[in-house]
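K.L.:
What follows is a single structure, and I will ask about it in a moment.
Bear in mind that the values in this text are calculations on the coordinates, not laboratory data. Only a predicted model underlies this, so the values are computations on that prediction, with no experimental measurement involved. Backbone-built Cβ (ideal geometry, glycine too); neighbour counts: all protein chains shown.
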Amino acid sequence: MRADTGAAGAYFRSMRAALKGLRVYLADNQSPLYAHGLVGQVIIPYVDRLEATFSAWENRIGFLERFRISRAESGFPMFQNVLTLENDRATADERLAAMPDVDTLKDEMADFILRHRAFPAALQEQIAERLYLEEIGKDALFAPFILPETIRVSINPKNGRPYYVVHWGVFDGSKTLPMVYMATIEDSSEGIARMLVKDGKLNPDVEIPLPVGGLLNPEFARAFDASVEKNGAYSLSPVTIAQNLDADFEFLHPKQLRRFVLGPFYSAGVTDNSDRISTILSKVRKDDNAWLLTWTLQEVLSKAESPARHGLWSSQPARDVYHIETDDLEAARQGVSAYQKHALVPHEAYQALYASGEAESIFSGFTVHVISGNQIISEV
């Protein structure tokens, strides 16, 4: 997309509205899915990151002509845009130090207009670049990999093990999809049990200032970071990721793994990942309402743990056995115990889809959430 065609502006307006709508939905305490299980609490900060990232990209096209999105697939920006932000962050302070501040540039613009009776495009681009560099320097963006964070610690009363609820983020480069992972990990190492467990419960004498950056157990924290980063690709099924994490650590036992996959995103006149949807959305008058955002929540659960075996000639650490819902062909294909597909759509766009007679087939298998202002009507 070129910044001067208007397509970029329409795309950013529709994406901004979609992320705002997603935030409204996630914050809805009446939602049966997000009212428990920490899912909404975990995902909202990643929506914050996406909003900041899109704001930075929007400023960037103010001084650079081209911006590429995955039109035919996810509807999200190409992975190179994510990498560019990371590279620019490394040099932002140096570049800012060499530029005038925004007020100075605005004064120069006013002077240019008075003297030359023309619009100072070059100065406008400098302001956009300045705002872009300031933004990427202060805001938490959606990086290719967002390090894990521990948000809950407790004790499993059945086996006395501490367990952690941990989350991390990945922007998949191949499918250009932002994803959030969330895992419940039991820890059977002796050292952490001595510190955290007292009389079968969480030791009240140990202060844990949650959230904690990384896995709570420092013995495994760096290795855990590396393991989840190498196992973050969308091409890996959730059960494969859980099994790989389980295999990487003798004393860490993933009991539940959730993956929140945001996208595809459909925007009228910009994406062509569905001609049928795009044609209908093009009839909606305002860009703010001419979009459709989908997401999938995948979950894999441990159904049993094979005990550790220690013999004279060989030994085998405890390993989890994960449940795959083989009675559901789609769940089996995804490699999950369960999954849910959701679609968020503005009221005006939903009316257009419904009037076309295509709504039933387009939303087949999805739970639909229609947004109007700050109100969400779910399970339409």
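K.L.:
How large is the dipole of the chain about the Cα centre if only Lys and Arg carry +1 and Asp and Glu carry -1, each at its Cβ, rounded to the nearest 20 debye? List each step's numbers first, then the result.
P.N.:
Working: 38 positive and 50 negative charges, 98 e Å.
That gives the chain a dipole magnitude of about 480 debye.
K.L.:
Suppose R0 equals 22 Å; then what is the FRET efficiency for S274 and S235 from their Cβ-Cβ distance, rounded to the nearest 0.05? Could you put the intermediate results ahead of the total?
P.N.:
Values: r = 22 Å, r/R0 = 1.00.
Using R0 = 22 Å, I get an efficiency of 0.50.
K.L.:
Starting from the amide H of G75, placed 1.01 Å from N in the peptide plane, find each other amide H under 5 Å away whose residue is 5 or more places distant or on another chain.
P.N.:
The list, which skips near neighbours in sequence, is S70, F265.
K.L.:
I've got another one for you. Return the equivalent ellipsoid semi-axes of the chain as a descending list in whole Å, where each equals the square root of 5 times an eigenvalue of the C-alpha gyration tensor.
P.N.:
Numbers: eigenvalues 358, 156, 61 Å².
Output for the chain: semi-axes of 42, 28, 18 Å.
K.L.:
Putting +1 on Lys and Arg Cβ atoms and -1 on Asp and Glu Cβ atoms, find which of T326, N289, A304 reaches farthest to the positive end of the dipole of the range 247-329.
P.N.:
With unit charges placed on the Cβ atoms, the residue in question is N289.
K.L.:
Using a 10 Å cut-off around each Cβ, can you sort M15, M179 from fewest to most neighbouring Cβ atoms? If you can, show how the numbers build up before the last one.
P.N.:
Numbers: M15 25, M179 22.
Arranged by neighbour count, lowest to highest, M15, M179 become M179, M15.
K.L.:
Moving on to the next point. So how tilted is helix 7-26 from the main axis of the chain? Cα-based, degrees 0 to 90, rounded to 10.
P.N.:
Helix 7-26 sits roughly 40 degrees off the main axis of the chain.
K.L.:
Karplus couplings for the range 165-178 from phi (6.51 cos²θ - 1.76 cosθ + 1.60, θ = phi - 60°), rounded to Hz, Gly and Pro as x?
P.N.:
Per residue, the Karplus-derived 3J(HN,Hα) values read 9, 10, 9, 7, x, 9, 9, 5, x, 6, 9, 6, 10, x Hz.
K.L.:
If you don't mind, there's one more thing I want to ask. If you consider only alpha-carbon coordinates, what radius of gyration and Dmax does the range 256-345 have, in Å?
P.N.:
Rg then Dmax for the range 256-345, in Å: 21.2, 74.
K.L.:
Once label points are set 7 Å from the Cα along Cα→Cβ at both E86 and S364, what is their separation, rounded to one decimal in nm?
P.N.:
3.9 nm
K.L.:
If each residue of separation counts as 0.36 nm, what is the full-extension length gain between K201 and A122 once their alpha-carbon separation is subtracted? Each step should come with its number before you reach the end.
P.N.:
Values: separation 79, 0.36 × 79 = 28.44 nm, distance 6.41 nm.
Working it through step by step, the gained length comes to 22.0 nm.
K.L.:
Would you work out if the range 85-231 is rounded, prolate or oblate? Take a ≥ b ≥ c from the square roots of the eigenvalues of the alpha-carbon gyration tensor; rounded if a/c is under 1.5, else prolate when a/b is larger than b/c, oblate otherwise. Intermediate values should be presented prior to the final figure.
P.N.:
Working: a/c = 4.44, a/b = 3.07, b/c = 1.44.
Judged from the Cα gyration tensor, the range 85-231 comes out prolate (a/c at least 1.5, a/b above b/c).
K.L.:
Could you point to the residue in S337, S361, N374 farthest towards the positive end of the range 286-380's charge dipole, with +1 and -1 charges on the Cβ of Lys/Arg and Asp/Glu respectively?
P.N.:
Farthest towards the positive pole: S337.
K.L.:
Let me ask something additional. Using only the alpha-carbon atoms, how far is helix 238-248 inclined from the longest principal axis of the chain? Give it as 0 to 90 degrees, nearest 10.
P.N.:
Value to nearest ten degrees: 60.
K.L.:
How do 358-368, 90-100 rank on mean C-beta neighbours within 10 Å, highest first?
P.N.:
Sorting 358-368, 90-100 by mean packing, highest first, produces 358-368, 90-100.
K.L.:
Longer than 27 Å from Cα to Cα, which of K20/K138; K106/K286; K20/K230 are they? Say none if no pair is. Present the calculation step by step, with values, prior to reporting the outcome.
P.N.:
Values: K20/K138 21 Å; K106/K286 31 Å; K20/K230 31 Å.
Beyond 27 Å between Cα atoms: K106/K286; K20/K230.
K.L.:
Now a separate question. Compare the Cα positions of L202, F260, L83 along the charge dipole of the chain (+1 at Cβ of Lys, Arg; -1 at Cβ of Asp, Glu; about the Cα centre) and return the one farthest towards the positive end.
P.N.:
After comparing all options, I get F260.
K.L.:
Near the amide H of E325, under 5 Å away, which other amide H atoms are found, from residues 5 or more places off or on another chain, if H is placed in the peptide plane?
P.N.:
The answer is V336, S337.
K.L.:
Could I ask something else about it? Please give, to one decimal in nm, the separation of the simple spin-label points placed at V102 and E379, each 7 Å out from Cα toward the Cβ.
P.N.:
Placing both labels 7 Å beyond Cα along the Cβ direction yields 4.5 nm.
K.L.:
State, to one decimal in nm, how far the label point of N244 lies from the label point of H323, with both points 7 Å from Cα in the Cβ direction.
P.N.:
Here the modelled spin labels are 2.5 nm apart.
K.L.:
To continue, here is another question. Using modelled amide H (1.01 Å from N, peptide plane; none on Pro or chain starts), what sits under 5 Å from the amide H of D272, excluding residues fewer than 5 places away?
P.N.:
A72
K.L.:
What area, in nm² and to one decimal, does the C-alpha convex hull of the range 197-245 cast on average over all directions? It would help to have the intermediate numbers written out before the result.
P.N.:
Working: hull surface 19.6 nm².
Quarter of the Cα hull surface area: 4.9 nm².
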